[in-house]
Structure formats: C-alpha cells, structure tokens
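This report refers to the structure that appears directly beneath it.
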Amino acid sequence: MIMGCGRVGSTLAHILEDNGHTVAIIDRDPQAFRRLRAGFRGRRVTGVGFDRDVLTEAGIESAAAYVAVSSGDNSNIISARAARETFGVDNVVARIYDPRRAEVYQRLGIPTVATVRWTADQILRRILPEGAEPLWRDPTGTVILAEVATNPGWIGTRVVDLEARARTRAAYLNRMGEALVIADDTVIQEGDVLHVIAAENDMDRINKVLALAPEQDH
C-alpha cells in the first residue's frame with residue numbers, strides 16, 4: 001500500500017506491480033492518479049492516508065507493507081504510525097524531508113528515508129574527491145559506510161589482520177570494478193578499494209592508521 005501518488009509513489013506502484021505484487025495507492029487529489037499508466041490494475045483510493053476509513057477502504061488489513069511518500073512530513077509519519085500501531089503492519093517506511101525529524105522517528109521505530117540528506121550526500125560524492133562523503137549513513141548519522149584509502153604497504157595483508165590493526169570492520173572490497181565479499185583468507189591486492197563500516201566520529205582515526213604502512217603503525 002502506498003500513500004502519495006506523486007512521481008515517487010507512482011514509480012513504486014509500477015515497479016511493485018511489475019514484480020507481481022498487488023498494489024493500492026492513496027492520494028487526496030484524484031488528479032494525481034493520472035500519473036499511473038493506463039494499464040495499472042491496482043486500487044486507487046481518494047483520501048488522506050491517516051484516515052482510518054480510507055486505510056480500510058484501501059485494504060490495510062491485508063497489507064504486507066505500507067509506504068508513505070506524500071509531499072508532507074507530518075502526513076507521512078502520522079499515516080506510517082497509523083499503519084503500524086493501529087493496523088499492525090510491520091513493514092512500514094516513511095519519506096521525510098527534514099533529516100532532524102527522520103532521526104527522531106527512526107528512534108520511534110519508523111524506518112525513514114530522509115531525502116534531503118540522501119540527495120545532498122549523493123551530490124557531494126560526485127563533486128568532491130573520492131571518500132569525502134560516505135556511501136551510506138544511518139538515519140541517526142552515527143554509523144557510515146565509507147571508502148578509505150590504504151597505504152600500498154597493506155598489499156599482501158589479510159583483510160582480517162587489517163581490521164584488527166585498524167580496529168574497524170571491513171564491509172567489502174572493490175576489485176577491478178566488482179564488489180568482493182570478504183572471507184577469512186581475503187588478501188589485499190594492488191588496486192583494491194576498501195570500504196569500511198564504522199562510527200563516523202571514528203573515521204579520522206581509521207584513516208590515519210590505514211594511511212600508514214603496517215610497520216609504521218605503532
């Protein structure tokens with residue numbers, strides 16, 4: 001079930017339907033449904049996504065997931081909470097424009113997508129040097145997935161030994177353009193790009209350790 005038939009909501013509806021899912025979409029503006037393709041087979045319901053009768057009409061009792069992607073933060077979070085707390089839908093996601101609100105709602109157990117911060121991070125990654133911005137950041141902003149530069153002296157070292165020395169967790173290697181899942185015997189080769197997952201406030205220390213050859217790090 002989707003609340004909001006804008007560009008994101010209609011795109012999600014089409015993707016879900018193409019993957020064999022039954023979709024219901026809610027919007028207060030009946031003209032919004034014009035964004036749906038002519039062959040869309042899902043249910044269209046006019047109303048607000050936090051109205052109990054509207055949710056019931058859309059089939060909330062049988063919904064496996066609820067996505068709130070209207071243009072209003074308050075509407076999205078209220079409807080997401082109604083879906084979870086009133087109707088017991090476990091799989092709920094709300095789009096939030098204000099990243100400060102996103103952190104609060106994440107702590108309340110409502111998964112959020114903070115579009116402003118996500119978009120800003122993606123733009124910065126394209127205009128700043130590699131590794132300047134994280135690849136991923138959790139909604140609270142405390143844990144990140146980041147690319148880190150390694151001193152050539154680490155070539156030939158097992159990744160698990162690097163993890164122990166740098167006191168961090170390696171997420172994966174990019175080797176010749178392909179992501180490589182790390183095993184116990186994975187060794188760093190020339191050209192490998194290392195990605196770690198860590199607390200953001202620990203990244204300066206990790207970068208400093210990995211910028212030195214192992215024998216230089218005491």
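Key figures for this structure:
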item	result
Residues with amide H under 5 Å from that of Val89, placed H, sequence gap 5 or more	Arg84
Taking only Cα atoms of region 9-54, radius of gyration then Dmax in Å	10.6, 28
Amide proton proximity set for Met3, modelled H, under 5 Å, gap of 5+	Ile26, Val67, Ala68, Val69
Residue range of the chain that is longest and free of GluC sites (Glu not before Pro) which are both DSSP loop and sparsely packed (at most 12 other C-beta within 10 Å)	1-129
Alpha-carbon gyration tensor eigenvalues x 5, square-rooted, for the chain, Å	44, 18, 15
Karplus-derived HN-Hα couplings along region 2-12 (A = 6.51, B = -1.76, C = 1.60, θ = phi - 60°), whole Hz, x at Gly and Pro	10, 10, x, 9, x, 5, 5, x, 5, 5, 4
Gain in span if fully extended, Arg100 to Ile155, counting 0.36 nm per residue against the direct Cα distance	15.7 nm
Neighbour-limited loop hits for trypsin sites (Lys or Arg not before Pro), region 137-174 (at most 12 other Cβ within 10 Å; DSSP other than H, G, I, E, B)	Arg167
Derived scalar couplings ³J(HN,Hα) [region 94-107; Karplus, 6.51 cos²θ - 1.76 cosθ + 1.60; whole Hz; x for Gly, Pro]	10, 8, 10, 7, 8, x, 5, 5, 4, 4, 5, 5, 4, 5
Descending principal axes extents, region 2-119, alpha-carbon based, whole Å	39, 31, 26
For Trp136, residues with placed amide H under 5 Å, excluding near neighbours	Leu145
Point-to-point label distance, Glu85-Phe40, nm (Cα→Cβ direction, 7 Å offset)	2.9 nm
3J(HN,Hα) from dihedral phi, region 74-85, Karplus parametrisation 6.51/-1.76/1.60, rounded to Hz, x for glycine, proline	4, 4, 5, 6, 5, 5, 5, 5, 5, 4, 7, 7
Length-normalised contact order of the chain in % [C-alpha pairs under 8 Å, at least 6 apart]	13 percent
Proxy reagent accessibility, fewest Cβ within 10 Å first, across Leu180, Leu12	Leu180, Leu12
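Laboratory data are not the source of any read-out in this text; all were calculated from the coordinates shown. This structure is a prediction, so every number in the text was calculated from the model and none was measured. Counting neighbours? That spans all protein chains shown, and the Cβs are built from the backbone with ideal geometry, glycine included.
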